[in-house]
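Enquirer: Pasting in a structure now, in structure tokens, and then I'll have a few things to ask.
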Amino acid sequence: LTIGSRAYLLPNTSVIIKCPVRRFQKSLIQWEKDGRCLQNSKRLGITKSGSLKIHSLATPDIGVYRCIA
């Protein structure tokens, strides 16, 4: 997925959301969900390329995600 898209995903699947930036240091990309900063956790992580990866999707993952570069 890319930011700006809408998706309907199945529970317990994984998703990678890409941040569409160019000429920006990928390690500095930050992610928000519903206006709150996201931190790495057991199920959630930011890849070296700056993408957001969510494992084992569940109902609390529903929301609006935004990348900040």
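The values are calculated or read from the model by the stated rules, or taken from the named source; none is laboratory data. These figures come from a predicted structure and were not determined experimentally. When we count neighbours, we look across all protein chains shown, and the Cβ atoms used for this are built from the backbone with ideal geometry, even at glycine. Each accessible area value is taken on the protein alone, full model and side chains, heavy atoms only, with ligands, DNA and RNA left out. Shrake-Rupley method; radii C 1.70, N 1.55, O 1.52, S 1.80 Å.
Enquirer: For the chain, which cysteines have no disulfide-compatible partner, meaning no other cysteine Cβ under 4.7 Å?
Expert: Those would be Cys37, since no other cysteine Cβ in the chain comes under 4.7 Å of theirs.
Enquirer: Loop only per DSSP, at most 10 neighbouring Cβ atoms within 10 Å: give me the trypsin sites (Lys or Arg not before Pro) in the chain, ordered by residue number. Please report the intermediate quantities before stating the final value.
Expert: Working: sites: Arg6, Lys18, Arg22, Arg23, Lys26, Lys33, Arg36, Lys42, Arg43, Lys48, Lys53, Arg66; in loops: Arg6, Arg22, Arg23, Lys42, Arg43, Lys48.
Hits after loop and neighbour filter: Arg6, Arg22, Arg23, Lys42, Lys48.
Enquirer: Of the chymotrypsin sites (Phe, Trp or Tyr not before Pro) in the chain, which ones lie in a loop per DSSP and count no more than 12 other C-beta atoms within 10 Å? Don't skip to the end; give the middle numbers.
Expert: On the way: sites: Tyr8, Phe24, Trp31, Tyr65; in loops: Tyr8, Phe24.
Sparse-neighbourhood loop chymotrypsin sites (Phe, Trp or Tyr not before Pro): Tyr8, Phe24.
Enquirer: Now, a different point. Taking mean projected area of the Cα convex hull in nm² straight from the coordinates, which label in (i) 4.0; (ii) 4.4; (iii) 5.0 is the correct one?
Expert: Matching the structure shown: (ii).
Enquirer: Considering all alpha-carbon pairs of segment 13-52, what whole percent are spaced by more than 15 angstrom? Write down the numbers at each step before the final one.
Expert: Values: 311 of 780 pairs.
Beyond 15 Å sits 40 percent of the P(r) for segment 13-52.
Enquirer: So, with a 1.4 angstrom probe, what is the percent of accessible area on segment 15-68 that is carbon and sulfur?
Expert: Numbers: 2080 of 3920 Å².
The nonpolar share, carbon plus sulfur, comes to 53 percent.
Enquirer: Mind checking which lysines have their Cα closer than 17 Å to the Cα of Lys48? Skip sequence neighbours fewer than 8 apart in that chain.
Expert: List returned: Lys18, Lys26.
Enquirer: Something else: Using Cα-Cα distances under 8 Å and only pairs 6 or more residues apart, what relative contact order does segment 15-68 have, in percent?
Expert: Numbers: 67 pairs, mean separation 25.1, N = 54.
Relative contact order comes out at 46 percent.
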